[in-house]
Each structure stands twice: as C-alpha cells, then as structure tokens.
1. Among the residues of the stretch 155-165, write down those that are assigned to a helix (DSSP H, G or I), open to solvent by less than 20 Å² (accessible area, probe 1.4 Å) and among the aliphatic types (A, V, I, L, M).
2. In the stretch 166-190, which residue that is outside any helix (DSSP H, G or I) and aliphatic (A, V, I, L, M) is nearest to residue 97 (Cα to Cα)?
3. Got a sec? Which helices (runs of 4 or more DSSP H) wholly within the stretch 1-47 have at least 2 residues that are surrounded by fewer than 16 Cβ atoms within 10 Å (Cβ to Cβ) and more than 17 Å from the chain's Cα centre (by Cα)?
4. Condition first: under 13 Å from the mean Cα position of the chain (by Cα) and either exposed (fewer than 13 other Cβ atoms within 10 Å of the Cβ) or aliphatic (A, V, I, L, M) (or both). Now tell me which residues in the stretch 66-89 satisfy that.
5. Among what's in the stretch 122-143 and is surrounded by 10 or more Cβ atoms within 10 Å (Cβ to Cβ) and among the small types (Gly, Ala, Ser), pick the residue that is modelled with the highest pLDDT.
6. If a residue has to be crowded, with 16+ Cβ neighbours inside 10 Å and without any contact (Cβ under 8 Å) to a residue 60 or more places away in the chain to count, how many in the stretch 184-195 make the cut?
7. Looking only at the stretch 221-240, decide whether some residue is at pLDDT 90 or above and either hydroxyl-bearing (Ser, Thr, Tyr) or surrounded by fewer than 16 Cβ atoms within 10 Å (Cβ to Cβ) (or both).
Amino acid sequence: MVKMGTVWDRTAEFLGDNVSAILPVALFAFFVPASIGGNFAALRAGGGPTLPMVLALVELAFAVLSLWGTLAITAMGLDLVSDRSAGRVALSRLPAAVLVIVVLLAGVLLLAAPIPAVLAATGHDLWAMPRGEDFALNRPEAIFSAIYLVVLIGVTLWFGARLAVVTPAIVRERGALGSIARAWRLSRGHGWRILGVLVLYVVVSWVAQLAAQTVFGSVFELVAGGAGDGVTLAGVLTATVVAAVQAAFQVVLAAFTAKLYLALAAHDARRGDPAVSA
C-alpha cells in the first residue's frame, strides 16, 4: 500500500536537492506568467473592445507555458532526465499533454451539459448572464441545477484524484490518451487517499494565496497611496507576491504527482494485476 506520508517525504527531499534546477523553470513558466496575468483584470476594466480577446489569447499562451513547466519539473521528479534536458523532454511531450487536457475538459463540459440544456428547454436565455442582465431561475430549475452541480463537483473531484498521475504517465511512458487509462489503473485502491491529499492541497493553496492577496494588498495600498482605476503600483506588487505563492504551490504539485506516480507504479508492479478499472 502506498503511504502518502512517504510520498510527501520523497517530494520534500527532491525539492530540497534540486532547488537550483527547479528555480529557473518555476520563474519562467509559473511566476512570470502569473505576475503578468494578475494585472489582466485591471487592464480589461479600462481597455477597448478588442483588448479582452487579446488578453484571452495571452492567457492561453501562458497556460501552455505553465503546462510546459509542469512537464519539465515532472520529468526531473521522475529521475528521467538531467535538469538540462528536462525542458526538451517537456517540449516533446507538450502536444500529448495538450491533447489529454482537451479531451478531459471536453468530458467535463459534456457532463455539465444537462444544466444549460434544461435551462434552454425551459425557455431561459442563456446569454442573459454574460450580457449582465438579470437571470432568474424558477424553483424546479434552481433545485435541479444546484443538486446536479453538487454531484458534478463530487464526480469531478473523484476523477481528478483517480487521474492525478496522468501527467507523469505522459512523460514517463510517452503516451497520450492511453495515459488516462494508465493513471486510472495505477490509482486503483488509492483514490480516497489521493482525494484527501488533493483537497488539502487545494484548501491550503487557496488560503495562502488569499492571505497573500489580502495582507500584502492592504499593505501595498497604504504604501503606494491606495487603489485606483486600471493598473496601479499596489496592484502590480500584490500580483507579484500572489504569483510567487502560486508558483511555489505549482512546483510542489508537479513534484508530488511525479513521486506519487513512481510509488504507484512500483506498487502496481508488485501487485502484478491486469489493467482493471475500479
């Protein structure tokens, strides 16, 4: 049985031994995009009609860059390559990772489709909310949407836990869509423990980012003269601090899933079971 405490110990050991190799990737792929992207909301507020589309494209590019960074740190965490070649390995596995993410997102959207389908069938204007108009739900539709959304969140969390090592599988086994089945098989019997760790990670990272934004945001507003319209010095400094916290948690997650994959793969090899979905 894989012990999450042991995986965390190996993760901490890896991070401590490879700070010099991880830091450039984290700065380039996580910190810089997050620092810039943290000011996009302020830019949208004072921009023209085409600016939101431009910023959306930039955000998409940043997401791809972040994925590359995750793959690079994953490759290092798997002890697959040296730190100098991790970037090349990540670049070679990037198309497969993008394909898997697109397929998984399509699956989530498909599962969520009943909510807009029911609302459209009952005569609701689905474009009212994006236009900023009032969007009132009748009681039956509201109850259905709330219950279905809760169930959907639970199902998504469960699938997320079972597929937590899909990225290391893509890097290590050089697969694409087959990595989804591989991750599902490796996590068989460990889903609840992985789910607990991921929920704890999400809560801690959210609290840390919220605390950084609240505390440092208040300090920077006092020092820089308060908040204003558009991009401000206080907003830029706050976004920088929040980006640093966010980048640290992204590094930890990539390293943890790599070490988790190694532990699950070793356990699977000892177990010697055929590919079975639980």
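The values are calculated or read from the model by the stated rules, or taken from the named source; none is laboratory data. Computed from a predicted model, the values in this text were never measured in an experiment. Every residue, glycine as well, gets a Cβ built from its backbone with ideal geometry; the counts of neighbours run over all protein chains shown. Just the protein is used for accessible areas: all its heavy atoms, side chains included, with ligands, DNA and RNA removed. Shrake-Rupley method; radii C 1.70, N 1.55, O 1.52, S 1.80 Å.
1. Residue satisfying the conditions is 161 alone.
2. So the residue we want is 176.
3. 4-17, 19-26, 40-45
4. Just the residues of the stretch 66-89 that are under 13 Å from the mean Cα position of the chain (by Cα), to begin with: 66-71.
Across the stretch 66-89, the qualifying residues are 67, 71.
5. Among those that are surrounded by 10 or more Cβ atoms within 10 Å (Cβ to Cβ) and among the small types (Gly, Ala, Ser), it is 142.
6. Number satisfying all stated conditions: 1.
7. Yes, some residue in the stretch 221-240 is at pLDDT 90 or above and either hydroxyl-bearing (Ser, Thr, Tyr) or surrounded by fewer than 16 Cβ atoms within 10 Å (Cβ to Cβ) (or both).
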